[in-house]
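Values quoted throughout were computed directly from the atomic coordinates according to the rules given, and no laboratory measurement underlies them. Note that the coordinates shown come from a computational prediction; the quantities given were computed from them, not determined experimentally. All Cβ positions, glycine included, derive from the backbone under ideal geometry; neighbour counts span all protein chains shown.
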Amino acid sequence: MLMVLMTMLTFAQEKNKKLTMEVDGKCDMCKTRIEKAALNVKGVKYALWDIPSHQLSLVIDERKTDPMKVKTALVTVGHDTKELKATEEAYNTVHPCCKYRDDNSDDSEHHKE
């Protein structure tokens with residue numbers, strides 16, 4: 001019975017699971033920071049953050065990671081998700097123009113990293 005359960009769990013985890021999540025930010029510097037943080041999580045194969053929609057598109061290996069590990073990495077570099085919020089200390093490390101909590105406008109045209 002245990003072997004059957006383990007087999008079912010293994011097959012339930014996808015090698016190339018596509019998912020999206022909302023991540024707060026506002027510019028190209030945020031985009032670079034968010035994508036880098038996501039890609040540094042073992043098991044994340046692809047990360048692309050869209051500035052206007054705040055959607056982070058991912059391809060992950062569910063055998064190695066899960067969405068909460070990615071969200072934890074994102075809040076560590078100062079970016080909020082729906083489920084997790086960055087600490088004030090982490091948020092204060094982002095560039096002053098990236099302070100999305102104060103002004104969530106799209107500043108991508110005003111500066112590049």
Approximate spin-label separation LYS15-THR72, in nm, with each point projected 7 Å along Cα-to-Cβ
2.6 nm
Please state the charge dipole magnitude for region 13-98, taken about the Cα centre, from unit charges on C-beta atoms (+1 on K and R, -1 on D and E), reported in debye and rounded to the nearest 20.
380 debye
Debye, to nearest 20: dipole size of region 41-91, +1 on Lys, Arg Cβ, -1 on Asp, Glu Cβ:
260 debye
Using Cα positions and a limit of under 26 Å, work out the lysines in reach of LYS15, with same-chain residues fewer than 8 apart set aside.
LYS31, LYS36, LYS42, LYS45, LYS64, LYS69, LYS71, LYS82
Hull surface divided by four, with the convex hull built on the Cα atoms of region 13-98: how many nm²?
4.9 nm²
Ranked by Cβ crowding within 10 angstrom, fewest neighbours first, how are VAL23, VAL75 ordered?
VAL75, VAL23
With 10 angstrom as the radius, rank GLU83, GLU62 by how many other C-beta atoms surround their C-beta, starting from the fewest.
GLU83, GLU62
